[in-house]
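Here the structure is laid out as structure tokens; the discussion comes afterwards.
The values are calculated or read from the model by the stated rules, or taken from the named source; none is laboratory data. Just so you know, these numbers come straight off a predicted model, no measurement behind them. Quick reminder, even Gly has a Cβ in these numbers, built from the backbone with ideal geometry, and neighbours come from all protein chains shown.
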Amino acid sequence: MCGIAGYIGYKQAVPILLEALKKLEYRGYDSAGIAVVHNGALHVRKTQGRLSLLEKRLETERLEGEGGGGALQGSTGIGHTRWATHGAPSDRNSHPHCAGKIAVVHNGIIENYRELKGWLEARGAAFQSDTDTEVAAHLINYYYDYYEEVPAAHPDRLAGAVMAAMKRLNGSYALGVVAEDAPDRIVAARKDSPLIVGLGEGEQFLASDVPALLSRTREVYFLEEGEVAALYHNRVALFTGDGEPVTRRSCRIDWDAAAAEKDGYPHFMLKEIHEQPRALADTLGPGLRFVPDTSLSAIGEWDIDVGDVPLERWKDAPRIVIAACGTAWHAALAAKYAFEGFARVPVEADIASEYRYRDPIFDPRDLFIAISQSGETADTLAAARLAKARGASVLAITNTRGSTLAREADFVLHTRAGPEIAVASTKAFTTQLMAVYLAALKLGYARGALQPSDFRRYVAALRDIPEKARRVIRGNGESGGADRINRIKQYADRYFNKTKVFFMGRQCDYATALESALKLKEICYTHSEAFAAGELKHGPIALLDAETLVVTIATQRRLFDKVASNVQEAAARGAANLVITWEGAGERAFEKIATAVFPIPQTEDRLSPLLSVIPGQMFAYYCAVARGNDPDKPRNLAKSVTVE
Ligand code: F6R
């Protein structure tokens, strides 16, 4: 979605806004713009295209002395990076949008913009763009101009005008607002779109997401639903939408600023693939606890610690319902296999955008789990709210502390992937899986569905996963690592131009297949599909020909023979076959029938997605690079989908 930034303080706003927008560009990159308040006027620069174009334009102005001479001055400003919803990407549809004295940046969708536009036009407003956002600018400007008409007006005129406008805006919004005659404040508001205020000394910041603030401050307020913030140089005041003051403590962010940098990697996606061993270890670490003497054994054991999440409460739950979107839905599907396998409880893994509209049948004793990296995905939030409204306790699995989902859920399992900047999700997925396996094993043990010896075996296997993930990425030693990466690159160089790539697998390998196919779609723009391998012969096999690449994920040893038949069926139609399988047993089972085998270190079959997805991520990355695509910023996509 779009990214919003704001700065008020004693420094020049433009470089600070540009730095923040760079960190937010993953949210949208079809245009960028800024507005600064200086000498009683708004100075707006906006451009279609990536942020770098805006930067170039500002640099040219600085060198040539355009726009009043030299660099754009001003220490109060707002900025925006756009993912178009209403109105094609163009200069005039770029934010900020201005009306009278007001400039506005917006993330979200104003659903009743047509009706408001008519109302405003009847009062003389002249619209310049095709966006929904512009109505917010005109509406705020209207109430700012006719402030005496606003009932129960707030003492801060700009904040009051925003509050009055909010009462009429339907839809979702995070807003940053400045006025040309109020250089001493920025007003921000949120409804269903994330917004964070960063607190400094004599300066305050605004951003859609934490990484944009990390180099400036760690103290933040996550704005709550319907809240308004007024940022002044020396303080921040929070209000309800009705103007009542809100008092609460700020939160301290513990993410490392370096985590939001590329750190020598050519792309965030490659860096994030390589960070997986660490992210998995960080997510696993707090989830494991050594208990010196337990019911598991007299000498002491590793036990699973899910913090404040009272999993035992759902010991007798008749069902688990999991809702999520995209990659997180693939984690939900893997979770279905995990909870059913370990805890022997029926599970529904639902696409959140479907769940929310199908009037689901819900038993309040069910456990509802929402999985979301950002914790801000509109459909996932709506699904969780629906489940809650029907009496469910909601368990969130999220990577983002302070996110809307984390705040609204009853219980939270935090993944510790650190900031994920690349649009295509990698480390968030594997850490979601790690959280799922911890919860499923714990519940399985609590329900008596897992014998202590099995519990122990799986916990031991989880403890080895970070090191095995490192081996998938880097190999056994330095040269082994280069070999492994080179092999993936070779496959990518050989196959990146394929127009059809199918992924298949059985059981949890099907979840891995879906996720691997999504990676290829997202960053290579290749038509890739995933199938449950047994489904191939029920239709999709008609698509196979010598132009097709089939990637099979084969980690379920008891099904090797079945999967081998599917690989043969594809080979018989002339398709090239790449098989991702276990070192040793898997290699032996598939090497004679596959075009190539990519072996991964062995672990328990049920835990395989933690490792088997990594080759697919790397393959997609190198295919994208071979195609000349920017893997971090795929076309048409945005990282955090905060609109429907
Ligand atoms: C794919 C991807 C998306 C997200 C989806 C849900 O690489 O990133 O499919 O997984 O938009 O996002 P979250 O997890 O933030 O709810």
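Results for (1) outside any helix (DSSP H, G or I); (2) not hydrophobic (A, V, I, L, M, F, W, C), shown as yes or no for each residue.
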residue: 17; (1), (2): no, no
residue: 20; (1), (2): no, no
residue: 23; (1), (2): no, yes
residue: 26; (1), (2): no, yes
residue: 32; (1), (2): yes, no
residue: 35; (1), (2): yes, no
residue: 57; (1), (2): no, yes
residue: 62; (1), (2): no, yes
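Scanning the range 466-481 for residues that are under 20 Å from residue 597 (Cβ atoms) and modelled with pLDDT of 75 or more gives 468, 469, 471, 472, 473, 474.
When each of 359, 366, 350 is tested for being in the same structural domain as residue 406 (by TED's automatic domain parsing), under 19 Å from the mean Cα position of the chain (by Cα) and of a type in the set (D, E, K, R), the lone residue that passes is 350.
Restricting the range 406-419 to residues that are more than 11 Å from the ligand (Cβ to nearest atom) and either among the aliphatic types (A, V, I, L, M) or in contact with a Ser or Thr (Cβ under 6 Å, 6 or more places away or on another chain) (or both), which is nearest to residue 263 (Cα to Cα)? Only one residue tops the list, namely 416. Whether a residue is within 12 Å of the ligand (Cβ to nearest atom), over 23 Å from residue 191 (Cα atoms), assigned to a loop (DSSP other than H, G, I, E, B) and modelled with pLDDT of 90 or more was assessed, and residue 422 passes this test.
On the basis of being surrounded by fewer than 21 Cβ atoms within 10 Å (Cβ to Cβ), touching a residue at least 60 places away in the same chain (Cβ under 8 Å) and within 14 Å of the ligand (Cβ to nearest atom), does residue 344 make the cut? Judged against the criteria, residue 344 is not a match. Checking the condition at pLDDT 95 or above and in contact with a Pro (Cβ under 8 Å, 6 or more places away or on another chain), which residue from 580, 553 passes? Selected residue: 580, the only one of 580, 553 that is at pLDDT 95 or above and in contact with a Pro (Cβ under 8 Å, 6 or more places away or on another chain).
Among the criteria (1) within 12 Å of the ligand (Cβ to nearest atom); (2) touching a Phe, Trp or Tyr at 6+ places or on another chain (Cβ under 7 Å), the one residue 432 does not fulfil is (2). The residue list 403, 393, 372 contains one member that is surrounded by 18 or more Cβ atoms within 10 Å (Cβ to Cβ), closer than 22 Å to residue 321 by Cβ, at pLDDT below 95 and within 12 Å of the ligand (Cβ to nearest atom), which is 403.
Of 508, 524, all but one fail to be outside the structural domain of residue 348 (by TED's automatic domain parsing), surrounded by 24 or more Cβ atoms within 10 Å (Cβ to Cβ), of a type outside the set (Ser, Thr, Tyr) and away from the ligand (no atom under 16 Å from the Cβ); the exception is 508.
Within the range 375-390, the set of residues being assigned to a loop (DSSP other than H, G, I, E, B) and either within 12 Å of the ligand (Cβ to nearest atom) or not basic (Lys, Arg) (or both) comprises 375, 376, 377.
Across the range 240-277, the number of residues qualifying as among the charged types (D, E, K, R) and surrounded by fewer than 17 Cβ atoms within 10 Å (Cβ to Cβ) comes to 9.
Residue-wise test of (1) surrounded by fewer than 20 Cβ atoms within 10 Å (Cβ to Cβ); (2) under 15 Å from residue 17 (Cα atoms).
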site	(1), (2)
146	yes, no
163	no, no
170	yes, no
184	yes, no
196	no, yes
209	no, yes
222	no, no
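Taken over the range 187-232, the criterion of being part of a strand (DSSP E or B) and of a type in the set (D, E, K, R) is satisfied by 190, 191, 192, 219. If you go through the range 590-642 and keep only what is β-branched (Val, Ile, Thr) and touching a helix residue (DSSP H, G or I) at 6+ places or on another chain (Cβ under 6 Å), you end up with 593, 597, 600, 603, 613, 614, 642.
Yes/no matrix, rows are residues, columns are (1) touching a residue at least 60 places away in the same chain (Cβ under 8 Å); (2) among the hydroxyl-bearing types (Ser, Thr, Tyr); (3) closer than 29 Å to residue 475 by Cα; (4) touching a Gly at 6+ places or on another chain (Cβ under 8 Å):
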| position | (1), (2), (3), (4) |
| --- | --- |
| 551 | yes, no, yes, yes |
| 554 | no, no, yes, yes |
| 559 | no, no, yes, no |
| 566 | yes, no, yes, yes |
| 584 | no, no, yes, no |
